[in-house]
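A short worksheet on the structure shown next.
The values are calculated or read from the model by the stated rules, or taken from the named source; none is laboratory data. Here the structure is a predicted model, which means the values were calculated and not measured. Using ideal geometry, Cβ is built from the backbone for each residue, glycine included, and neighbour counts are taken over all protein chains shown. In case anyone asks, the SASA skips ligands and DNA or RNA and just uses the protein heavy atoms, side chains included. Shrake-Rupley method; radii C 1.70, N 1.55, O 1.52, S 1.80 Å.
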Amino acid sequence: MVPEVRTSAPPTGTEADNFTVYSNFTALPDGPAPSTFETGQAASVAPVLDPSMNLRIANGKLTFAPTVDGPAAAYFRTGDLGKPVTSVGMKWTFTAQPGDTPGVAAMAIADRPADPLGGASPLMPLHFIVTRDGWNYSVSPGTSGGGAELITIAAGRFSSPLAEDGNTIHEVHIAIRGDTAAIDLPDGNRQEVQDPRIEAWASRYAFFEPYADRSSTDSITGFTEVWADL
């Protein structure tokens, strides 16, 4: 089946108290990533290859400061939420580095906690990434090793790049109904994506991920709020 993408009305905004799992990092003191969400559920971070990839709170944001030579990723994870996740969202900033290459803010729904050091990648009905220039919605059947197999089902570019000034807060919210995902994008547009794997691979975990393909030059993602709902 060829996935369908269509444009509809702009988003009307989100309210934090509408969601089962929610955290706002803006008032937290600097230090390690929290071990619980603001709504009480356990939170965890995936193990990382290098200490510079560790997630931490810095200046009211959940972020990292990778110094490795090459790609870096970190994962802030829910536990098993008991029912399939039907929506996820995030607010974040991009902070440019001197090399001026784009970093990534990502979020996903998965069938188990993301663990880049733990072998097989999870099955995912939603893997969503945003850079200053555009966005990508993928699904993944999982793998037995060597990283996730990401299958793009929709993507787009912004008419103007997102700000990377470290202050402008961007927002994405995705709601799933059956085989359709409605995406409220940071440029004020909404896209709807249909694919049977979105429904067939419904899963009970979520994660939020800052990613840098070039750690020394990519802009750095700092989450201010994240949420998920059932």
- Looking only at residues in segment 156-181 that are of a type in the set (Val, Ile, Thr) and part of a loop (DSSP other than H, G, I, E, B), which one is farthest from Met107 (Cα to Cα)? Thr168
- Which of the following residues is at pLDDT 95 or above and surrounded by fewer than 18 Cβ atoms within 10 Å (Cβ to Cβ): Gly156, Gly146, Gly142? Gly156
- Message: Take the conditions at pLDDT below 95, acidic (Asp, Glu) and loosely packed, with under 15 Cβ neighbours inside 10 Å and apply them to Asp17. Does it pass?
- Response: yes
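Residues are listed down the side, and each one gets a yes or a no for (1) assigned to a loop (DSSP other than H, G, I, E, B); (2) in contact with a Ser or Thr (Cβ under 7 Å, 6 or more places away or on another chain); (3) on the phi > 0 side of the Ramachandran plot:
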position	(1), (2), (3)
Leu62	no, no, no
Gly82	yes, no, yes
Ala105	no, yes, no
Ile109	no, yes, no
Asp115	yes, no, no
Leu126	no, no, no
- If you go through segment 62-86 one residue at a time, how many are crowded, with 23+ Cβ neighbours inside 10 Å and within 27 Å of Ala181 (Cα to Cα)? 6
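Suppose we filter Pro11, Pro34 for residues that are surrounded by 10 or more Cβ atoms within 10 Å (Cβ to Cβ), modelled with pLDDT under 95 and in a loop (DSSP other than H, G, I, E, B); which single one remains? Walk me through how you get there before you give the answer.
Details: Pro34 fails: modelled with pLDDT under 95.
Unique residue meeting the criteria: Pro11.
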- Message: Within segment 37-61, take every residue that is open to solvent by less than 40 Å² (accessible area, probe 1.4 Å) and touching a Leu at 6+ places or on another chain (Cβ under 8 Å) and give me the one that is nearest to Tyr205 (Cα to Cα).
- Response: Ala46
- Message: Scan segment 203-215 and tell me whether some residue there is more than 27 Å from Pro71 (Cα to Cα) and open to solvent by 10 Å² or more (accessible area, probe 1.4 Å).
- Response: yes
- Task: Could you please tell me which pairs satisfy a Cβ distance under 6 Å, a separation of 6+ or placement on different chains, a first residue in segment 71-85 that is among the hydroxyl-bearing types (Ser, Thr, Tyr), and a second residue that is at pLDDT below 95?
- Result: Tyr75/Ala114
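Residue by residue, here is whether (1) assigned to a strand (DSSP E or B); (2) under 21 Å from Asp165 (Cβ atoms); (3) in contact with a strand residue (DSSP E or B) (Cβ under 8 Å, 6 or more places away or on another chain) holds:
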site: Ile183; (1), (2), (3): yes, no, yes
site: Asp187; (1), (2), (3): no, yes, no
site: Glu192; (1), (2), (3): yes, no, yes
site: Ile198; (1), (2), (3): no, no, yes
site: Phe207; (1), (2), (3): yes, no, yes
site: Pro210; (1), (2), (3): yes, yes, yes
site: Arg214; (1), (2), (3): no, yes, yes
site: Thr221; (1), (2), (3): yes, yes, yes
